[in-house]
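One structure below.
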Amino acid sequence: MPELPEVETVRRTLTELIVGKTIQSVTVSLPRIIQRPDDIKRFEIELIGHRILEIGRRGKFLRIIMDGLVLVSHLRMEGRYGLYDKSDPVEKHTHVIFHFTDGSELRYKDVRQFGTMHLFRTGEEFTMNPLAKLGLEPLDSSFTAEAFREVISGRSTKIKPALLNQEYVVGLGNIYVDEALFRAGIHPEYPAKELSAAKLDELYEAIKSTLQEAVDAGGSSIKSFVNGQGEMGMFQHSFQIYGRKGEPCVSCGHAVEKTVVGGRGTHYCPNCQRPFTSDQSNEVKG
């Protein structure tokens, strides 16, 4: 958390709030958040005078695009941005402040202090970490059923860890993988290589619909997520499987169960999402 829908919601909010503003100065109070460059004073100085042109996103990363520079920001677990007036008191856990020429400030808060920022010259960001090895973008036109089948089919891993791997498909985390697998009727431990093309197509559609509905709802507020205007997401009220351990399945009424797959807590319906057995191989592949 946050996953793609939450980051996309922040992207849209920041587009409204800060595009067109010019950076007058930058204050960094927690140096380890700045991953590139490794000189914090250089980071602060290089941003002076740059105008924000656009807010982009790649997977779970924000791209703050300026005239000649791109700031790649990962919110990790609890990072958040907010726009303030320079006269507003600085709240606890505020680690980076972008002071704008109009007197407003973009402040980055992070209670857990896991967030990161990388500064690049325009275009460099896609050739180096953390963006260089990212996979398919599920809300992009390049995310087709054929492309999805190509990166997932044949993988020897279980399907849930495969979907969580950001080198295959970006933006998916624990919540939306559970939701998409439930919609597609696929057990989270099902071997990816045993899924038929038809079943992968169902999963492809489930991923797209789940993410789009979550984006339309402003993401999910499980713990502390809010957008750049302090507003909560609402998709948590539409969860069909995630976080519903012991509750009746919305499709069949069987109690939802929770297990651990790939080190992650995983919700599923044992009736709607049957586990793979060796005698299914020919049937599934047929």
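No value in this document is a laboratory result; all are computed from the given coordinates. Computed from a predicted model, the values in this text were never measured in an experiment. For neighbour counting, all protein chains shown are included, and Cβ atoms are generated from backbone atoms with ideal geometry for every residue, glycine included.
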Using 15 Å as the cut-off for backbone N distance, which residues of region 28-49 belong to the label zone defined by a point 7 Å from the Cα of GLU124 along Cα→Cβ?
-> 35-48
Counting sequence-distant residues (5 or more places) and residues on other chains, those with an amide H built under 5 Å from that of VAL261 are THR266
Have a look at the DSSP beta bridges in the chain and tell me what percent are antiparallel, nearest 5.
-> 95 percent
Taking θ as phi - 60°, what are the ³J(HN,Hα) couplings along region 205-217 by the Karplus curve (6.51, -1.76, 1.60), each to the nearest whole Hz, with x for Gly and Pro?
-> 5, 5, 4, 4, 5, 4, 5, 5, 5, 5, 4, 4, 8
Under the Karplus relation with 6.51, -1.76 and 1.60 and θ = phi - 60°, whole-Hz ³J(HN,Hα) for region 109-124, x at Gly and Pro, equal 10, 7, 4, 7, 6, 9, x, 9, 9, 10, 10, 10, 6, 3, x, 5
DSSP loop (so not H, G, I, E, B), at most 12 other Cβ within 10 Å: list which GluC sites (Glu not before Pro) in region 53-107 pass both filters.
-> GLU91
With a ≥ b ≥ c from the Cα gyration tensor eigenvalues, square-rooted, and the rule rounded for a/c under 1.5, otherwise prolate when a/b > b/c and oblate otherwise, the chain is prolate
Per-residue ellipticity at 222 nm for the chain, helices alone: DSSP H runs ≥ 4 residues times -39500 (n - 2.57), over residue total, nearest 500 deg cm²/dmol?
-> -7500 deg cm²/dmol
Relative to the compact-globule scaling 2.2 N^0.38 Å, provide the ratio for the alpha-carbon radius of gyration of region 1-138.
-> 0.97
From the cross-link list LYS60/LYS208; LYS21/LYS60; LYS133/LYS199; LYS133/LYS193; LYS60/LYS86; LYS193/LYS245, the entries with a Cα-Cα span beyond 18 Å are LYS21/LYS60; LYS133/LYS199; LYS133/LYS193; LYS60/LYS86; LYS193/LYS245
Pseudo-spin-label distance ALA255 to ASP102, built 7 Å along Cα→Cβ, given in nm, is 5.6 nm
For MET66, residues with placed amide H under 5 Å, excluding near neighbours = LEU53, LEU71
In sequence order, what are the phi-derived ³J(HN,Hα) couplings for region 159-168 according to the Karplus relation 6.51 cos²θ - 1.76 cosθ + 1.60 with θ = phi - 60°, rounded to whole Hz, with x for glycine and proline?
-> 5, 5, x, 4, 6, 7, 6, 5, 7, 9
